[in-house]
Amino acid sequence: MDKKDAGAMASPSAWIELPHFSWEALLAEDAPTVRFRKGQTLFSQGDAVSRVHVIEEGRVRLVLLSAAGHEKHMAIVGAHGMVGECSAFLDGRHSVTAVASSEVLARHVDSRRLMRHMQSDPACLRQVLWLISVKLRVIAIQNLLLSQATAAQRVAHHLVQLAETYGEAAEAEGGIVIGIAFTHQEMANIAGLSRVMTSNVLIQLHARGLIDKVKAHCVVRDIQGLRQLAAGP
């Protein structure tokens, strides 16, 4: 595990982007390419697991559905990530629903092929274990946020995690530029808020000088201020 992986594991963002991951050996065989339109379901909670999906382009959100049909958004997986792998080791049923958060280009990999590669390819094994571990930690944090934190605390927390995981200091911008361009709807989904409430919180954070926006990217002007807000009184 390199320093980047270790840092992400210690303080994971609910946005899981893995540009340094490679699934070349796993995809060397004939892994079909599939496109999903925004809002299309890749698989549903309770479906039998026959394959996993390696994301080549776009983002997929993982959603937990209650018996009453209420949704809890657990994580968003982007390029070079994988979805469906967690349930491949359990009872053979998907534990969450995966929905395309944007236009998605993915590769289908038979779950049995994944198992074989994990046994023969240490790099593949490490990546799958890393992904599962990060998702478990993200889900644990999400449960705490959704049950205890205010709207402002949730948004501030996710901005801090994004800045710490994907941010780069930029003197020209006067802060930390978050490398992932996210929409207000994506932030609303992952924070368990309405889009209107999320937009209002972001406007308030901007008015307080904590964040700004440059082109499509969010710039964190005051990371300590965001951390204090996320921690609460």
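The values are calculated or read from the model by the stated rules, or taken from the named source; none is laboratory data. Note that the structure is predicted; figures quoted are calculated from it, not measured. Every residue, glycine as well, gets a Cβ built from its backbone with ideal geometry; the counts of neighbours run over all protein chains shown.
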Exercise for the section: Would you please name the residue that is nearest to A170 (Cα to Cα), looking only at residues in the stretch 186-215 that are more than 14 Å from the chain's Cα centre (by Cα) and among the polar types (S, T, N, Q)? Expected result: Q204
Problem - Residue list for the stretch 212-229, filter: part of a strand (DSSP E or B) and without any contact (Cβ under 8 Å) to a residue 24 or more places away in the chain - result: K213
Practice task
Check L136, L114 and return the single one that is among the aliphatic types (A, V, I, L, M), more than 16 Å from the chain's Cα centre (by Cα), part of a helix (DSSP H, G or I) and in the same structural domain as V52 (by TED's automatic domain parsing).
Solution key: L114
Problem - Residue check, A123 closer than 20 Å to A28 by Cα and within 16 Å of the chain's Cα centre (by Cα) - result: no
Practice task
List the number of the failed condition for L205; all other conditions in (1) under 27 Å from V99 (Cα atoms); (2) surrounded by 18 or more Cβ atoms within 10 Å (Cβ to Cβ); (3) not acidic (D, E) hold.
Solution key: (1)
Practice task
Could you please find all residues in the stretch 66-114 being at pLDDT below 90, under 15 Å from V49 (Cβ atoms) and acidic (D, E)?
Solution key: D91
Handout entry: Every pair of residues 6+ apart whose Cβ atoms lie under 7 Å, when the first sits in the stretch 149-176 and is farther than 18 Å from Q204 by Cα and in contact (Cβ under 8 Å) with a residue 40 or more places away in the chain while the second is aromatic (F, W, Y) and surrounded by fewer than 18 Cβ atoms within 10 Å (Cβ to Cβ)
Key = none
Problem - Scope the stretch 156-202; condition crowded, with 20+ Cβ neighbours inside 10 Å and either of a type in the set (D, E, K, R) or in the same structural domain as E17 (by TED's automatic domain parsing) (or both); matching residues - result: E186
Handout entry: Pairs with Cβ under 9 Å, 6+ apart, first in the stretch 67-96 and under 18 Å from I141 (Cα atoms), second among the aromatic types (F, W, Y)
Key = A75/W15; I76/W15; I76/F182; V77/W15; V96/F43
Problem - Test: residue in the stretch 100-109 that is surrounded by fewer than 19 Cβ atoms within 10 Å (Cβ to Cβ), assigned to a helix (DSSP H, G or I), under 19 Å from the mean Cα position of the chain (by Cα) and in contact (Cβ under 8 Å) with a residue 40 or more places away in the chain - result: no
Exercise for the section: Could you list all residues from the stretch 45-97 that are of a type in the set (S, T, Y) and either buried (at least 19 other Cβ atoms within 10 Å of the Cβ) or under 17 Å from the mean Cα position of the chain (by Cα) (or both)? Expected result: S87, S95, T97
